[in-house]
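Undergrad: First, the structure itself, so that you have it in front of you.
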Amino acid sequence: MESHKTIPALVLLLGGVAALSIALPIFALLARADLQDVIAALSTPGALSALRLSFVTASISTVLCVLVGVPLAIFLTEYSGLLSQVVRALVNLPLVMPPLVGGLALLLLLGRTGVLGGYFAELGISIPFTTPAVVIAQVFVALPFMVISVEGTLRAQSRGFRDVASSLGASPTQTLMRITLPLARSGVFAGIVLTFARAVGEFGATALFAGNREGVTQTMPLVIYTAFNGGGANVKTAISLALLLLFTAFAVMIFTKSWYPQR
């Protein structure tokens, strides 16, 4: 039986409009791209450096998001009340906050005159406009994707398994390792993909908090922005680099799909 026959025509129409709103801009980018331009753009030291920096920082950011995001998602799943609601709202805030506002908030926190930055400055530690600042900015904007993915997966699972394990005398740690984390596996995998893709594409918070220093904080989105605005390159270079970033993100998702657990 063809499942689309059970879907109302209006739903198909609106769904098609939604799909085209995403597909058409991408097709426009593909139409303007040229393979020779892509190869030429890749041959520049700045592009290679930015690509390498983007992958390294995004990988570190993803690992950090897994380490702190999964426990936070478990907390939000297990506990209810005002505290969990406030924490959930704070976690989701970067999703709706303009990235530049996030960068400004990080700068006011960790800058030389910031809430914590002043103490670091006394110790001779400066975080803004360094490579660690790129990682911090990426974690700030990408962490919600990890938390939401894992929490959603756990909420879709029955609490019965965990309750039974507890009733049989399993400790909280045993329940976590043998029940909760295996149940959250698909959410963790999905969170890794979304977190990494978001970190690679991060621009606003990075530009304001980490700057645009070639080889230090200049990631691929910043190279594209610089090229499009005539910073020693041209629009063709910007299009080529944007296409490269698009293909990179697409390849990550396809590769991940090959080992992502199927239902």
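Undergrad: Report the residue count in segment 102-126 for those that are surrounded by fewer than 18 Cβ atoms within 10 Å (Cβ to Cβ) and free of Cβ contacts under 8 Å to residues at least 12 places away in the same chain.
TA: 13
Undergrad: Pairs please, first residue from segment 132-159 and under 12 Å from Arg198 (Cα atoms), second anywhere and surrounded by fewer than 22 Cβ atoms within 10 Å (Cβ to Cβ) and among the polar types (S, T, N, Q), Cβ atoms under 9 Å, 6+ apart in sequence or on different chains.
TA: Pro144/Asn92
Undergrad: Oh, and also: Which is open to solvent by less than 50 Å² (accessible area, probe 1.4 Å), over 19 Å from Val200 (Cβ atoms) and not β-branched (Val, Ile, Thr), of Ser84, Ser49, Ser61, Ser80?
TA: Answer to the check: Ser84.
Undergrad: Looking at segment 191-263, what helices (runs of 4 or more DSSP H) fall wholly within it and have at least 1 residues that are modelled with pLDDT under 80, in contact with a helix residue (DSSP H, G or I) (Cβ under 6 Å, 6 or more places away or on another chain) and surrounded by 15 or more Cβ atoms within 10 Å (Cβ to Cβ)?
TA: Where helices (runs of 4 or more DSSP H) fall fully within segment 191-263 and carry at least 1 residues being modelled with pLDDT under 80, in contact with a helix residue (DSSP H, G or I) (Cβ under 6 Å, 6 or more places away or on another chain) and surrounded by 15 or more Cβ atoms within 10 Å (Cβ to Cβ), they are 220-228, 235-259.
Undergrad: Considering only residues of segment 16-32 that are over 22 Å from Val235 (Cβ atoms) and over 21 Å from the mean Cα position of the chain (by Cα), which is least open to solvent (accessible area, probe 1.4 Å)?
TA: Gly16
Undergrad: Could I ask something else about it? What number of residues within segment 165-190 satisfy the criterion of being touching an Asp or Glu at 6+ places or on another chain (Cβ under 8 Å) and either open to solvent by 30 Å² or more (accessible area, probe 1.4 Å) or at pLDDT below 85 (or both)?
TA: 0
Undergrad: Tell me whether segment 48-62 contains one or more residues that are more than 23 Å from Ala197 (Cβ to Cβ), out of contact with any helix residue (DSSP H, G or I) (no Cβ under 6 Å at 6 or more places or on another chain) and not basic (Lys, Arg).
TA: No: segment 48-62 contains no residue that is more than 23 Å from Ala197 (Cβ to Cβ), out of contact with any helix residue (DSSP H, G or I) (no Cβ under 6 Å at 6 or more places or on another chain) and not basic (Lys, Arg).
Undergrad: Given segment 15-112, what helices (runs of 4 or more DSSP H) lie entirely inside it while holding 3 or more residues that are closer than 19 Å to Ala227 by Cβ and of a type outside the set (Lys, Arg)?
TA: 35-42, 45-78
The values are calculated or read from the model by the stated rules, or taken from the named source; none is laboratory data. Note that the structure is a prediction, hence the values are computed from the model and not measured. Cβ: placed from backbone, ideal geometry, glycine included. Neighbour counts: every protein chain shown. Only protein heavy atoms, including side chains, enter the accessible area calculation; ligands, DNA and RNA are left aside. Shrake-Rupley method; radii C 1.70, N 1.55, O 1.52, S 1.80 Å.
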